[in-house]
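The values are calculated or read from the model by the stated rules, or taken from the named source; none is laboratory data. Quantities reported herein were computed from a predicted structural model and do not represent experimental measurements. Cβ placement follows ideal geometry from the backbone for every residue including glycine, while neighbour counts extend to all protein chains displayed. For the accessible areas, the whole protein counts, side chains as well, though only heavy atoms, and no ligand, DNA or RNA atoms are used. Shrake-Rupley method; radii C 1.70, N 1.55, O 1.52, S 1.80 Å.
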Amino acid sequence: MQGRTNKQWRLASYPEGMPTETNWALSEGTIPEPRPDELLARAIYLDVAPYMRGRISPQKNYAAGVKPGDVMLGGGIGEVVQSNVKEFKPGDLIVTDFSFGWQEYAALKVSAVRGVEAELAPLPYWLDALGLNGMTAYFALIEAGRIKPGDTVLISAAAGSVGQIAGQIAKISGCRAIGVTSSAEKIAWCKELGYDDAINYRAESDLSAAVARVCPNGVDVFIDNTAGVIHESVMQNLAAHARIVLVGSISLAGKFGQPDIGPRFHRQTLIARATIQGFLVSEYQQQQAEARRRIAGWFKAGLLKSKFDIAKGIEATPKAFLRLLTSQNLGKQLVQVADPPRLA
């Protein structure tokens with residue numbers, strides 16, 4: 001590693017409203033030395049995800065944020081180049097959900113990583129269906145949403161990283177899956193995934209009426225990845241005993257820290273006897289191994305697939321994140337930092 005540097009994206013300033021590329025600065029540091037309980041990994045893929053918007057704000061959040069001057073946090077897939085732990089050796093492939101950061105090399109605690117079985121699924125899937133996105137879709141539907149066969153399940157950001165998996169799990173579980181997304185191309189992808197119907201919310205003059213059209217008996221389970229106008233439209237179309245699972249609020253990325261002002265749906269919630277639940281995937285740590293086994297089984301059986309939107313080069317990381325926030329990506333957004341190793 002002598003002579004090499006470690007390119008890192010550090011937060012330069014908290015964004016006001018929608019982030020811009022100037023909120024980060026690219027720097028070059030030294031490659032870290034792993035401590036006795038750590039390994040050093042070289043990045044292959046870095047993750048960018050909606051939750052990161054909440055981590056770059058001084059506002060109170062459910063987890064610690066990134067301060068100006070810090071390396072931007074995030075998950076990644078990497079190759080072990082040095083190891084001080086018995087579980088991994090140089091050449092092994094690992095994935096971490098949050099701890100890699102936007103950088104070329106990271107020293108990682110063994111407790112923060114999992115091994116990658118490249119023969120089971122291509123590498124990008126380990127930051128998707130077999131990673132945080134798969135866990136989010138699985139537990140939002142099965143635990144928080146309590147889906148059952150015959151339910152009408154509506155999923156916003158349906159062609160995104162969580163939505164594309166959630167729609168397929170809903171179908172595997174015997175539900176009717178309805179997607180809400182932002183373009184004709186994304187609707188076509190939802191249909192290819194098996195969604196029963198989909199709405200392009202940008203093409204609808206009356207989104208509530210569009211939801212009523214495709215969900216004539218109401219929405220039993222709403223996986224809300226966006227908040228905003230989609231949430232408002234679904235809340236006017238609830239079935240009896242509907243379950244609303246608040247997973248994300250990406251539509252508010254440009255208004256972060258401002259009051260979330262809009263209609264109140266007390267009457268609709270009361271009449272439907274609906275439940276509204278905030279969702280954090282981190283609360284399901286103890287069950288994730290079993291969930292990952294089930295998802296791997298569905299993948300091997302050909303029941304799950306994903307589309308990936310992959311930017312090239314660590315220099316593209318902030319731009320890739322902004323593509324995600326403005327719904328320009330199709331499928332799971334990743335950044336490829338280095339070529340994967342050749343597998344035997």
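Label-to-label distance, Lys60 versus Glu119, with points set 7 angstrom from Cα along the beta-carbon direction: 5.1 nm. The angle between the Cα long axis of helix 163-172 and the longest principal axis of the Cα atoms of the chain comes to about 60 degrees, rounded to the nearest 10. Of all DSSP beta bridges confined to the chain, the antiparallel ones make up roughly 50%.
Hey, what angle do you get for helix 288-300 against the long axis of the chain, alpha-carbon based, 0 to 90 degrees rounded to 10? Tilt relative to the chain: about 80 degrees.
Among the DSSP beta bridges whose two residues both lie in segment 1-137, what percent are antiparallel, rounded to the nearest 5? Please report the intermediate quantities before stating the final value.
Values: 26 of 27 bridges.
So the antiparallel bridges amount to about 95 percent of the total.
222 nm [θ] for the chain, helices only, -39500 (n - 2.57) per DSSP H run of 4+, per residue, to 500? Before the final figure, lay out each step's value.
Numbers: 9 runs with 77 residues, N = 344.
Estimated from H runs of four or more residues: -6000 deg cm²/dmol.
Quick check on segment 109-157: take the gyration tensor over C-alpha atoms, sort the square-rooted eigenvalues as a ≥ b ≥ c, and tell me if it's rounded (a/c under 1.5), prolate or oblate. Prolate shape, in that a/c is at least 1.5 and a/b is the bigger ratio. Each peptide in 203-213, 74-84 gets a packing score, the mean of other Cβ atoms within 10 Å over its residues, and the list from highest to lowest is 74-84, 203-213. Note on Ile276 and Thr30: with the Förster distance fixed at 56 Å, the Cβ-Cβ geometry gives a FRET efficiency of about 0.70.
Using packing as a proxy for protection, rank 170-183, 228-241 so that the peptide with the highest average count of other Cβ atoms within 10 Å comes first. Could you put the intermediate results ahead of the total?
Working: 170-183: 22.4, 228-241: 18.9.
Final packing ranking: 170-183, 228-241.
Can you give me the % of accessible surface on the chain that is carbon or sulfur? Probe 1.4 Å, all protein chains present, nothing else counted. Intermediate values should be presented prior to the final figure.
On the way: 7640 of 15340 Å².
Carbon and sulfur atoms account for 50 percent of the accessible area of the chain.
Length gained on full extension, Glu315 to Thr5: 110.2 nm, using 0.36 nm per residue less the C-alpha separation.
In terms of solvent-accessible area of protein heavy atoms at a 1.4 angstrom probe, what is the ranking of Ile142, Ile314, highest value first?
Values: Ile142 45, Ile314 5 Å².
Ranking Ile142, Ile314 by accessible area, largest first, yields Ile142, Ile314.
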